[in-house]
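Take a look at this one; I'll ask things after.
The values are calculated or read from the model by the stated rules, or taken from the named source; none is laboratory data. Only a predicted model underlies this, so the values are computations on that prediction, with no experimental measurement involved. All Cβ positions, even for glycine, are placed from backbone atoms using ideal geometry, and neighbour counts span all protein chains on display. With ligands, DNA and RNA removed, areas are computed over all heavy atoms of the protein, side chains included. Shrake-Rupley method; radii C 1.70, N 1.55, O 1.52, S 1.80 Å.
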Amino acid sequence: MSKSGAQGDKSAMLIKKDQTTIQNYFEDNSGVRGSHADFAAIAENEEDIAAFLPEMAAKKIPVTVVGALTGNTASGLAFGGAVLSLEKLNKIGDIKKTGGKTASLIVQAGARIADIKEKAFANGWMYPPDPTEKNATIGGNIATNASGGRGFKFGVTRDYVKALKIIFTDGSQSYIERGKYFADDSGKITFDTSSGKKHIALPKYKLPLIKNAAGYYNYPNADLIDIFIGSDGTLGVTVEAELLLIPHFKEVFGGIIFFPSKQGAYDFVKSVKDSLKPHQLCHPELVSGSAVNPSYNEILKQVQDDTIRATDEIDPMSLEYFDKNALELIRCDYPVIPAGAQAGIMFEQDVYEDNFEILTEKWAELIEKSGINAENVWFASNMKEQEEFRAFRHRIPERVNERVKKNKVPKVGTDFAVPEGKLSEMIDFCEKEFQKAGLFNLTFGHIGENHLHANIIASNEEEYKMTRDLYSRIAQKAVDLGGTVSAEHGIGKLKHIFLEKMVGEEGFKEMAKFKKSLDAAGILGQDNIFPKEYLE
């Protein structure tokens, strides 16, 4: 261990070279093995990073930025070179009210989501993005544009990022505020840094007009800040973010409904969506297919005019799905799951007024109209009880990750999303493929957004190859239906072949060219999003 540059040069960063000491940087939730690095550099401040990156660029030493290592695609795992840890950049600032109904919070990249949410809640505010892994850092969530269970109403990480501070591999820094820099009609953007202006041109491939976390953001007239969100640690090092906060709800009403058939679950979700009014559709693409996702400005408008607080109306934050195998996986934890349940739906609604009884009646009417047996419904009548239901939902990926670690074979988990009206076809396709393969599988996720996680768990290397082949067919089907191969986890190092189905080899070439316009040496996050061979 030393307090010096990687090679005894300029940076005053803490350097750890002992392989035993740095083993904790070589494992995440993906199950990928064999990660290694020559050393780990632990940044204590932004100046460390600004000095360190040009050193690495000059020597062409790859740098993998890590936070909490809770990812599913191995994007935070190094395979050579240096690990750059932001664990000590974890400060959370003071909450500042920015208007009658919003506030902002400046946080460093290493701050944990749980701590950010706790601070906001303690002051009457809410940071809405709700990824399953609360120990994740905000830097990691920004890198993948994380979403989580409440994205049906509140959107994704991108919708709550007001500004980013980024350090580039040439040592320059830029403070990028939302609404300041936009791509012109040809995709070109010029923006300011501490060392002068940078000029970039976005890739030209087309991305689907649905919830998407695959490939560099390049939608028409893109805001510069959105290009860095979801870039998987490949363009620059995000060291600080300013987040949008909105008023916290007073209470939660929700429940879990068990169905004797998958179709019953699909029909119930459709009936919920059909009951929503236009102003409640934070995700217009769920109905029209005409928008990417709720934008920051749309969220802000809904908060300011109170339409986000749909009083006396059915207006769920989340609609979550579990198939039969997912329920069986946690039956040992929850033996009261009804026998014969083929699917489950969990719903949550945020309550802002003293109208809990009215909302209860509305949901009860909808459930009764759907012909659902009341014995197959669990209700939560306050935040504490609903947290128990959320623990039920989160127990599924926890059990999956336990199996993956025990088997010591990487997990193959889909992250597809498809346009409205296409999900049942997508699920049927997956289940036919699973049946043919005969591999252990389960499916759960964000059915309200047509975004599910089908997990295929291999017990040995031979089965792992089968799961990859199976995933390839599933990815192609999602693309054929107009969907995406990744809606929230990103691509990382595991899903190149699936992203190629969306953007093609030419798209990878465009990505590499775009990356090098910001990281000329190509050292950051090598092999994330696209194969590193395209940088050569």
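At a Förster radius of 45 Å, what calculated FRET efficiency corresponds to the Cβ-Cβ distance of N135 and D185, to the nearest 0.05? Please list the in-between numbers first.
On the way: r = 42 Å, r/R0 = 0.93.
That gives a FRET efficiency of 0.60.
Straight-line reach from K17: which lysines have Cα under 19 Å away, leaving out those fewer than 8 places along the same chain?
Straight-distance partners of K17: K3, K59, K60, K88.
Now, a different point. When Lys and Arg each count +1 and Asp and Glu each count -1, what net charge do the other residues less than 15 Å away from T98, Cβ to Cβ, add up to?
Once all neighbours under 15 Å are counted, the net charge is +3.
A further question follows. Multiply the residue gap between T21 and E368 by 0.36 nm, knock off their C-alpha separation, and tell me the result in nm, one decimal place.
Gain in length upon complete extension: 119.1 nm.
Moving on to the next point. How are the Cα pair distances of region 45-90 distributed, in percent, across 5 Å bins from 0?
5, 20, 27, 24, 17, 6, 0
Between (1) 310; (2) 139; (3) 197, which entry matches volume of the Cα convex hull per residue in Å³ as derived from the coordinates of this structure?
The listed entry that was calculated here is (2).
Could you go through region 390-399 in sequence order and give the Karplus-derived ³J(HN,Hα) for each residue, using 6.51 cos²θ - 1.76 cosθ + 1.60 with θ = phi - 60°, rounded to whole Hz, and x for Gly and Pro?
Per-residue couplings from phi come out as 5, 5, 4, 5, 6, 5, 5, x, 4, 5 Hz.
Oh, and also: Looking at the chain, send over the antiparallel percent of its DSSP beta bridges, to the nearest 5.
Roughly 85 percent of the DSSP beta bridges within the chain come out antiparallel.
Across region 199-212, in residue order, what do the Karplus-derived ³J(HN,Hα) couplings come to in whole Hz, using 6.51 cos²θ - 1.76 cosθ + 1.60 with θ = phi - 60° and x for Gly and Pro?
10, 10, 9, 6, x, 9, 4, 9, 10, x, 8, 9, 3, 8
Along the Cα→Cβ direction, 7 angstrom out, place labels at D312 and A201. What is the inter-label distance in nm?
Using points 7 Å along Cα→Cβ, the separation is 5.7 nm.
Continuing with this model, one more query. So, by mean Cβ neighbours within 10 angstrom, what's the order for 147-157, 79-89, 209-219 with the highest one leading?
The most tightly packed comes first, giving 147-157, 209-219, 79-89.
Could you go through region 134-150 in sequence order and give the Karplus-derived ³J(HN,Hα) for each residue, using 6.51 cos²θ - 1.76 cosθ + 1.60 with θ = phi - 60°, rounded to whole Hz, and x for Gly and Pro?
6, 7, 5, 9, 5, x, x, 5, 5, 4, 10, 6, 4, 10, x, x, 9
Could you check the simple spin-label distance between E420 and N382, using points 7 Å along Cα→Cβ, in nm with one decimal?
A separation of 3.7 nm, rounded to one decimal place.
Amide H neighbours of D527 under 5 Å, at least 5 residues apart or on other chains, H built in the peptide plane: list them.
Result for D527 returns K532.
Additional query: If each residue of separation counts as 0.36 nm, what is the full-extension length gain between V336 and D274 once their alpha-carbon separation is subtracted?
Full extension of this stretch gives 19.2 nm more.
Among the lysines, select those whose C-alpha is under 16 Å from the C-alpha of K91, and discard any that sit fewer than 8 residues away in the same chain.
K117, K119, K165
Counting only heavy atoms of protein chains, what accessible area per residue, in Å², does region 386-536 have with a probe of 1.4 Å? It would help to have the intermediate numbers written out before the result.
On the way: 5760 Å² over 151 residues.
With the other protein chains kept in place, region 386-536 gives 38 Å² per residue.
Rounded to the nearest 0.05, what FRET efficiency is calculated for D305 and A520 with R0 set to 56 Å and r the Cβ-Cβ distance?
Numbers: r = 45 Å, r/R0 = 0.81.
It comes out at approximately 0.80.
Could you look at region 113-215 and say what percent of its accessible area is carbon and sulfur, using a 1.4 Å probe and all protein chains?
C and S fraction of accessible area: 50 percent.
What list of whole percents do you get for P(r) of region 78-154, with Cα-Cα distances grouped in 5 Å bins up to the one holding the largest distance?
In order of increasing distance, the bins hold 3, 14, 23, 23, 19, 9, 4, 3, 1, 0 percent.
Tell me the net charge near E357. Cut-off is 12 Å between Cβ atoms, E357 excluded, with +1 for each Lys or Arg and -1 for each Asp or Glu. Could the numbers behind the result be given before it?
Numbers: positive: K362; negative: E251, D312, E353, D354, E361.
Net charge in that neighbourhood comes out at -4.
Please list, in chain and number order, the residues 5+ apart from M126 or on another chain whose amide H is under 5 Å from its amide H, with Hs placed from the backbone.
When sequence neighbours closer than 5 places are left aside, the close amide H contacts are I246, H248.
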